[in-house]
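Take a look at the structure set out below.
Every number here is computed from the coordinates shown, using simple stated rules; none is lab data. Note that the structure is a prediction, hence the values are computed from the model and not measured. Note: ideal-geometry Cβ built from the backbone for every residue, glycine included; neighbour counts use all protein chains shown.
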Amino acid sequence: MSYLDTVDAYTICIGILIIVLILIICGNGWMNRSLPPGPWALPLIGNVPQLLGSKNFHLKCLELRQIYGDVLHLKVGGVDVIVILDYKLIQDTLKNEGEKFAFRPNWLHVLNKVYRKKGITWNHGANFERLKNFTKCPLSQATGVENRILDELQSLSNIMDLSRDKPVPLQKVLSKAVTGIICGITFGARYDEKEPDFLYLTGLLEKFHKQSIFQLSENFMPWVRFLPFQSALKDFLDVENKLRTFMKKRIQDHKDTFNEGDIRDFIDHYLNPNKKDRIESCVSDDDISRTIIDLLYIGPDVLTSAILWAILYLVRSPGVQKKIQNELKEVVGTDSVAKISHRAKLPFMRATIKEILRIASPVPMGYPHTVTENVKLAEYTIPKNTIVFFHLQAAHNDHTYWKRPQEFRPDRFLDDGEEIKHDCFFPFSVGPRACIGEDLAQNVMFLFLSNLLQKFTFKSPEGASVPSTESVYTNSLRPVEFDVVAIPNE
Ligand code: HEM
């Protein structure tokens, strides 16, 4: 082959490459005409370079909103992502068109491999709906759940009592208490924190929390799995299999000891042949195992974050803390235990919990939704398989709705002592994918805060500055670690 022939071959290859690139770029632009605005995306990797440096996706979206407006389009690898930041559009879409957006992108490579379309969070369709309805009941049952919460609260309160004027290791003790509640409700265990089973289970869950499985690059650029890099997929699969084996063992133990006259927990509820809402036979032990893992993965993490935020804002606002304590004194007294039945008579406590959930927005963007057909959204057309996020935190801080949203003011939820409902308030989201643990979360927050405030006043340790409202994102938004002391009330 002559030198000229070689040059021609190179030139032709480079020419073809350039034409393909132009086609991809132009095609990208042409196809995106009906999509909302967003930053210019590169072929194959999309907006990954713009997103890489930013630790917190929810904050990056707030930044991009300043440039592109209230509905954003991003391309992450090969996947279209829409973020809705306008509170009216969030509300209208979730309330009126929730069904069209009720799917999860469980077809993404890693999610599909690990979750295998089981459980609740990464599932949709008829099996998911049946499981979700079935699971709601044991999470909301008032009396059994109340006793479990009060049991854990007693241990927590003892630790605070013992800590005297030393800082309480809040994150650790709260996380242990709420994990204990959810283990109790789901499979009946009342664990001691040193028990090998508890350490094994929390160790596995911690591994899951270390890295966001959704954000793994293989989900958005499946071709990266052919590159010579170590993938986290294998580790996730290993942890998932161990967790499922752990849960299946619990189900087997329940089968061996099942007694129709004594329904102990969620697993017994599933095994109960007489239950009117008996789950149909198409739901397997594997579905129930994965559902319990979903509850244990999300519940303790978000609840710990929410209660940490509550204590942080109470430390920062001694006046609010005092007002709740006075309300509790009047309604519950100083010696009785605050119960769920007291909640209706404690409007300021209820308003404070709402304000904490608004200002902190522990799950700032909900979890990713998707659409399984082309869907109209305002003036845009969202193509099938686009991932859609509802930016709940943006709604909770919208200046056009809330007066001085950055201020912690529980009384924005009260009018003349009566509770006010706000349209722009959805910490648990709304519609078919709304949080399944809302009732439980409300009960835990109410019982923890009222009983703890009845006994203690939370303060920063002597000489320490007030805790900052800066946040870190684990799998929920929580405050950066802060020191607090629990001073017993006179
Ligand atoms: C203050 C505490 C909590 C907050 C603020 C919260 C908030 C949320 C939000 C915003 C979503 C996403 C909904 C969406 O994708 O549109 C969600 C989903 C979910 N939450 Fe919660 N949550 C809390 C506590 C809990 C607890 C205690 C549990 C379990 C015991 C739980 C279990 C779940 C599950 C399984 C989902 C997925 C539901 C689905 O995919 O349909 N959450 N939560």
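Along the charge dipole of the chain, Cβ charges K/R +1 and D/E -1, which of 283, 94, 224 sits furthest on the positive end?
The residue sitting most towards the positive pole is 224.
What base-10 log of the normalised intensity I(q)/I(0) is obtained for the stretch 35-488 from the Debye formula, alpha carbons as equal point scatterers, at q = 0.10 Å⁻¹?
Debye intensities relative to I(0), on a log10 scale: -0.77.
Could you please report the charge total around residue 193, scoring K, R as +1 and D, E as -1 over all other residues with beta-carbon less than 13 angstrom from its beta-carbon?
0
Past the 21 angstrom mark, what percentage of all C-alpha to C-alpha distances in the stretch 36-154 do you count?
Summing the P(r) of the stretch 36-154 above 21 Å gives 60 percent of all pairs.
Using DSSP to call loops (not H, G, I, E or B), can you name the GluC sites (Glu not before Pro) in the stretch 363-466 whose Cβ has at most 11 other Cβ atoms within 10 angstrom?
Filter output for the stretch 363-466: 373, 379, 407, 462.
Applying the Karplus parametrisation 6.51 cos²θ - 1.76 cosθ + 1.60 with θ = phi - 60° to the phi angles of the stretch 257-269, what ³J(HN,Hα) value in whole Hz is obtained for each residue in order, glycine and proline being reported as x?
Using θ = phi - 60°, the values come out as 10, 4, 9, 3, x, 9, 7, 8, 6, 4, 5, 4, 4 Hz.
Mind checking the angle between helix 3-31 and the chain's longest principal axis? C-alpha axes, 0 to 90 degrees, to the nearest 10.
Long axis of 3-31 versus the principal axis of the chain: about 40 degrees.
Roughly how tilted is helix 170-187, in degrees to the nearest 10 and between 0 and 90, from the longest Cα axis of the chain?
The answer is roughly 90 degrees.
Find which of 382, 467, 57 sits farthest along the positive direction of the dipole of the chain, computed with +1 on the beta-carbon of Lys and Arg, -1 on that of Asp and Glu, about the Cα centre.
382
Please name whichever of 357, 480, 391 sits farthest to the positive end of the charge dipole of the chain, dipole taken about the Cα centre and charges placed at Cβ: Lys and Arg +1, Asp and Glu -1.
Checked the options; the winner is 391.
Gain in length, residue 272 to residue 455, computed as 0.36 nm per residue apart minus the alpha-carbon separation, to one decimal in nm?
Extra length available between residue 272 and residue 455 comes to 61.9 nm.
Mind giving me the FRET efficiency for residue 92 and residue 137? R0 is 30 Å, r the Cβ-Cβ distance, nearest 0.05 is fine.
Efficiency, rounded to the nearest 0.05: 0.50.
Residue 489 versus residue 237, label points 7 Å from Cα toward the beta carbon: distance in nm?
In this crude spin-label approximation the distance works out to 5.5 nm.
Rounding to the nearest 20 debye, state how big the charge dipole of the stretch 218-371 is about its Cα centre with +1 on each Lys and Arg Cβ and -1 on each Asp and Glu Cβ.
Charge dipole, the stretch 218-371, about its Cα centre: 700 debye, nearest 20.
Could you work out the relative contact order of the stretch 35-488? I mean the mean sequence separation of Cα pairs under 8 Å and 6+ apart, divided by the number of residues, in percent.
24
How tilted is helix 285-316 with respect to the longest principal axis of the chain? Cα atoms for both, answer in degrees (0 to 90, nearest 10).
Rounded to the nearest ten degrees, it is 70.
Would you list the P(r) distribution for the stretch 366-467, with all Cα-Cα distances sorted into 10 Å bins from 0 and each bin expressed as a whole %?
Final binned percentages: 11, 26, 34, 19, 7, 3.
To the nearest 20 debye, what is the magnitude of the charge dipole of the chain about its Cα centre, counting +1 on the Cβ of each Lys and Arg and -1 on the Cβ of each Asp and Glu?
Computed charge dipole of the chain: roughly 220 debye.
How many angstrom lie between the C-alpha centres of the stretch 376-404 and the stretch 437-490?
Comparing the Cα centres of the stretch 376-404 and the stretch 437-490, I get a distance of 30 Å.
Label points 7 Å out from Cα along the Cβ direction at residue 285 and residue 229: separation in nm?
3.9
Most exposed first by the Cβ proxy, i.e. fewest other Cβ within 10 Å, how do 478, 404, 350 rank?
404, 350, 478
How about the stretch 75-114: which chymotrypsin sites (Phe, Trp or Tyr not before Pro) there are in a DSSP loop, with at most 15 other Cβ atoms within 10 Å of their Cβ?
Passing sites in the stretch 75-114 are 107.
At 0.36 nm per residue, minus the direct Cα-Cα distance, what do residue 344 and residue 147 gain on full extension? Give it in nm, one decimal, please.
Going from the current span to full extension adds 69.1 nm.
For a quick protection proxy, order the peptides 351-357, 195-201 by their average other-Cβ count within 10 Å, most packed first.
In decreasing order of mean packing, 351-357, 195-201 become 351-357, 195-201.
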